[in-house]
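So the structure is just underneath, and the comments pick up after that.
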Amino acid sequence: MFEQKPYAPSCDKNTDPILEVLKLYLPEQKSLLEFGAGTGQHAIAMAPHFPNIVWTISDREENHKGIQLWLQDFPRVNLRGPLSFDIDRDTFPEGHFDTVFTANTLHILSWEQNLKLYSLLGESLPNESLFLVYGAFNYNGNFTSESNQRFEQWLKNRDPKSGIRDFESVSSELFKVGFDLIRDHEMPANNRLLVFKKCR
Ligand SMILES: C[S@@+](CC[C@H](N)C(=O)[O-])C[C@H]1O[C@@H](n2cnc3c(N)ncnc32)[C@H](O)[C@@H]1O
């Protein structure tokens with residue numbers, strides 16, 4: 001039976017701006033793990049730009065079928081996965097990763113799940129590794145736009161444990177597990193792309 005690929009319209013909008021930033025950081029990297037890849041559209045669009053990288057897609061198992069449908073239509077030589085990586089159930093995926101990329105996940109995860117993710121990153125990634133995070137963030141406890149404030153309400157209605165994370169809290173918790181903030185990129189539509197490096 002014909003199966004329809006899941007489609008995330010936001011990926012079409014944000015892929016190019018994200019790609020431009022990733023190009024600043026990924027030329028020397030070799031092995032990237034994508035956390036919470038969703039449909040897999042980011043991986044499929046971006047992996048061909050980084051032939052130096054083996055890009056491994058991960059997400060909860062419920063999303064794997066959709067990712068596989070995308071991979072069937074758009075096979076990429078440097079894509080692997082999808083691997084199962086549910087922060088509540090799974091250990092950190094096996095393999096040597098020097099980069100972790102994630103988009104629009106920290107505000108979906110509860111704060112406890114955020115802390116678990118950071119702890120696993122601190123334990124599992126070698127020094128010099130990069131952690132690149134795209135999404136909406138608050139600064140000094142404030143929304144950066146009315147649209148982000150509305151987005152927060154939508155998130156909370158869906159799951160009260162979700163919510164836009166504070167830039168300061170994310171940075172300080174990641175610092176505790178060995179990551180320094182390298183750069184905070186302003187992105188379209190009131191989003192940010194934060195770049196952390198494992199220094200300790
Ligand atoms: C808003 S979607 C973002 C998907 C994709 N990165 C994008 O930008 O379109 C949030 C993702 O977080 C994942 N997610 C939610 N809870 C998770 C958990 N406990 N462990 C791992 N991933 C989780 C979902 O499966 C989903 O793919």
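Scanning segment 30-71 for residues that are of a type outside the set (Gly, Ala, Ser), part of a loop (DSSP other than H, G, I, E, B) and either under 24 Å from Asn114 (Cβ atoms) or open to solvent by 30 Å² or more (accessible area, probe 1.4 Å) (or both) returns Lys30, Thr39, Pro51, Asn52, Arg60.
Residues considered: Trp55, Trp70. Of these, the only one that is modelled with pLDDT of 95 or more and touching a Leu at 6+ places or on another chain (Cβ under 8 Å) is Trp55.
In the set (1) away from the ligand (no atom under 15 Å from the Cβ); (2) among the polar types (S, T, N, Q); (3) closer than 23 Å to Pro27 by Cα, Ser58 fails one condition alone, (1). Considering only helices (runs of 4 or more DSSP H) fully contained in segment 87-179, which possess at least 1 residues that are in contact with a helix residue (DSSP H, G or I) (Cβ under 6 Å, 6 or more places away or on another chain)? In segment 87-179, the matching helices (runs of 4 or more DSSP H) lie at 111-124, 167-176. Screening Asp16, Asp12 for residues that are of a type outside the set (Lys, Arg), within 12 Å of the ligand (Cβ to nearest atom) and open to solvent by 10 Å² or more (accessible area, probe 1.4 Å) leaves exactly one candidate, Asp12. Among (1) in contact with a Phe, Trp or Tyr (Cβ under 6 Å, 6 or more places away or on another chain); (2) within 9 Å of the ligand (Cβ to nearest atom); (3) of a type in the set (A, V, I, L, M, F, W, C), there is one condition Ala37 misses while meeting the rest; what is its number? Just one mismatch for Ala37, condition (1). Applying a threshold of 6 Å to beta carbon distances and a minimum spacing of six or more residues, or different chains, the list of pairs starting in segment 98-125 at a residue that is of a type in the set (S, T, N, Q) and ending at one that is surrounded by fewer than 17 Cβ atoms within 10 Å (Cβ to Cβ) reads Ser110/Lys161.
If I ask for residues that are free of Cβ contacts under 8 Å to residues at least 60 places away in the same chain and open to solvent by less than 50 Å² (accessible area, probe 1.4 Å), which ones from segment 167-178 would you list? Please lay out each step first, then the result.
Residues of segment 167-178 free of Cβ contacts under 8 Å to residues at least 60 places away in the same chain: 167-169, 171-178.
Phe167, Ser169, Ser171, Glu173, Leu174, Val177, Gly178 - these are the residues of segment 167-178 that are free of Cβ contacts under 8 Å to residues at least 60 places away in the same chain and open to solvent by less than 50 Å² (accessible area, probe 1.4 Å).
What about Gly81, is it buried (at least 19 other Cβ atoms within 10 Å of the Cβ), in contact with a strand residue (DSSP E or B) (Cβ under 7 Å, 6 or more places away or on another chain), under 27 Å from Glu186 (Cβ atoms) and in contact (Cβ under 8 Å) with a residue 12 or more places away in the chain? No: the conditions fail for Gly81.
Test Gly95 against the criterion of being within 23 Å of Thr39 (Cα to Cα), surrounded by fewer than 21 Cβ atoms within 10 Å (Cβ to Cβ), at pLDDT below 95 and of a type outside the set (Lys, Arg), and give yes or no.
On the way: within 23 Å of Thr39 (Cα to Cα): yes; surrounded by fewer than 21 Cβ atoms within 10 Å (Cβ to Cβ): yes; at pLDDT below 95: yes; of a type outside the set (Lys, Arg): yes.
Spelling it out, Gly95 is indeed within 23 Å of Thr39 (Cα to Cα), surrounded by fewer than 21 Cβ atoms within 10 Å (Cβ to Cβ), at pLDDT below 95 and of a type outside the set (Lys, Arg).
Conditions tested, residue by residue: (1) under 17 Å from the mean Cα position of the chain (by Cα); (2) at pLDDT 95 or above; (3) surrounded by fewer than 17 Cβ atoms within 10 Å (Cβ to Cβ).
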{"residue": "Asn104", "(1), (2), (3)": "yes, yes, no"}
{"residue": "Ser110", "(1), (2), (3)": "yes, yes, yes"}
{"residue": "Leu117", "(1), (2), (3)": "yes, yes, no"}
{"residue": "Leu120", "(1), (2), (3)": "yes, yes, no"}
{"residue": "Glu128", "(1), (2), (3)": "no, yes, yes"}
{"residue": "Tyr139", "(1), (2), (3)": "no, yes, yes"}
{"residue": "Phe143", "(1), (2), (3)": "no, yes, no"}
{"residue": "Arg150", "(1), (2), (3)": "no, yes, yes"}
{"residue": "Gln153", "(1), (2), (3)": "no, yes, yes"}
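The values are calculated or read from the model by the stated rules, or taken from the named source; none is laboratory data. Predicted model, so just to flag it, every value in this text is computed and none were measured. Note that we place each Cβ from the backbone using ideal geometry, even for glycine, and neighbour counts take in every protein chain shown. Areas reflect the complete protein model, heavy atoms only, side chains present, ligands, DNA and RNA absent. Shrake-Rupley method; radii C 1.70, N 1.55, O 1.52, S 1.80 Å.
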